[in-house]
1. Could you please give the count of residues in the stretch 111-137 that are more than 20 Å from I176 (Cα to Cα), surrounded by 17 or more Cβ atoms within 10 Å (Cβ to Cβ) and under 22 Å from the mean Cα position of the chain (by Cα)?
2. Which of the residues belonging to the stretch 101-124 are assigned to a loop (DSSP other than H, G, I, E, B), charged (D, E, K, R) and touching a residue at least 24 places away in the same chain (Cβ under 8 Å)?
3. Cβ-Cβ distance below 6 Å, separation of 6 or more or different chains: which pairs start in the stretch 65-94 with a residue that is on the phi < 0 side of the Ramachandran plot and end on one that is of a type in the set (S, T, Y) and in a loop (DSSP other than H, G, I, E, B)?
4. Considering the stretch 1-54 alone, what residues qualify as being without any contact (Cβ under 8 Å) to a residue 24 or more places away in the chain and closer than 16 Å to S213 by Cα?
5. Going by the structure shown, is L173 in a loop (DSSP other than H, G, I, E, B) and farther than 19 Å from E105 by Cβ?
6. Condition first: touching a His at 6+ places or on another chain (Cβ under 8 Å) and crowded, with 21+ Cβ neighbours inside 10 Å. Now tell me which residues in the stretch 40-82 satisfy that.
7. Kindly indicate the residue of the stretch 151-169 that is within 17 Å of I113 (Cβ to Cβ) and surrounded by fewer than 22 Cβ atoms within 10 Å (Cβ to Cβ) and also nearest to the chain's Cα centre (by Cα) among those meeting that condition.
Amino acid sequence: MILSVEQIHGYYGKSHILQGVSLNVAEGEVVTLLGRNGAGKTTTLKSIVGVLRPAQGKVLFQGDNLAGLASYKIAARGVCLVPEHRGIFKLLTVEENLTMAARRESAWQLQDIYRIFPRLEERRKNGGGQLSGGEQQMLAIGRALMTHPKVLMLDEPVEGLAPVIVDEIVAQLKQIKATGMSIILVEQNLEVCTQLADRHYILEQGSVVYSASNAGFLADDNAKDRYLGVNLAA
């Protein structure tokens, strides 16, 4: 396993948000974290990258415990989070946003990003604030890739985007997956999740209550209804 989260607990003030979350991600695997709003999905991602330091438990990355390290040190190891708000610099151009994050040793250089995200090449001289929501998401993912990640974590990458843009981003994520990138995906759109993921975890009230392969999850209408209140066949 490239990443193993073992019984992490997390608090916001006195609120006990994560109550012993455990999950694993193998090399080249795409894993989703599913659950209703407030289940602890984003908090889990923030705990892995050190934005929120776990009060208990371990975050093992390539065998080393990252729990308690500063977030910039975790990022330097190769664990990268693309947050829900994307965090692009709106006054910088697309190309400036990308190159400011570039690391010489990264397998992902500017032309690689432009190959997967041709819209970014078309708009490379535009300011980040001039991009559509979908283009901003592509820029956030592209910038993350240039930091030389070994695990890429995406928080709601297609939220609020038009279906045609969702399809485009899914196709791009499939290309990224095909390179062997390990990905953790938090996403409400179950169709997107089942197109991309090898395995799924469902969180409820800060704990993992269900895990299954993609095929197992697709066949388990009871789990989808019980934990998520949806049915993909509906």
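Readers should treat all values here as calculations from the given coordinates under stated rules, not as data from a laboratory. Being a predicted model, the structure only gives us computed values, none of them experimental. Backbone-built Cβ (ideal geometry, glycine too); neighbour counts: all protein chains shown.
1. 2
2. Hits for the stretch 101-124 are R103, E105, R123, R124.
3. Sorted first by the residue in the stretch 65-94, then by its partner, the pairs are C80/T147.
4. Selection gives N24 alone.
5. no
6. The initial filter retains those residues of the stretch 40-82 that are touching a His at 6+ places or on another chain (Cβ under 8 Å), namely 54-57, 78.
Within the stretch 40-82, just P54 meets the criteria.
7. Checked the stretch 151-169; the qualifying residue nearest to the chain's Cα centre (by Cα) is I169.
A quick yes/no check of all residues on (1) small (G, A, S); (2) farther than 19 Å from S182 by Cα:
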position: A55; (1), (2): yes, yes
position: Q62; (1), (2): no, no
position: F89; (1), (2): no, yes
position: E95; (1), (2): no, yes
position: Q109; (1), (2): no, no
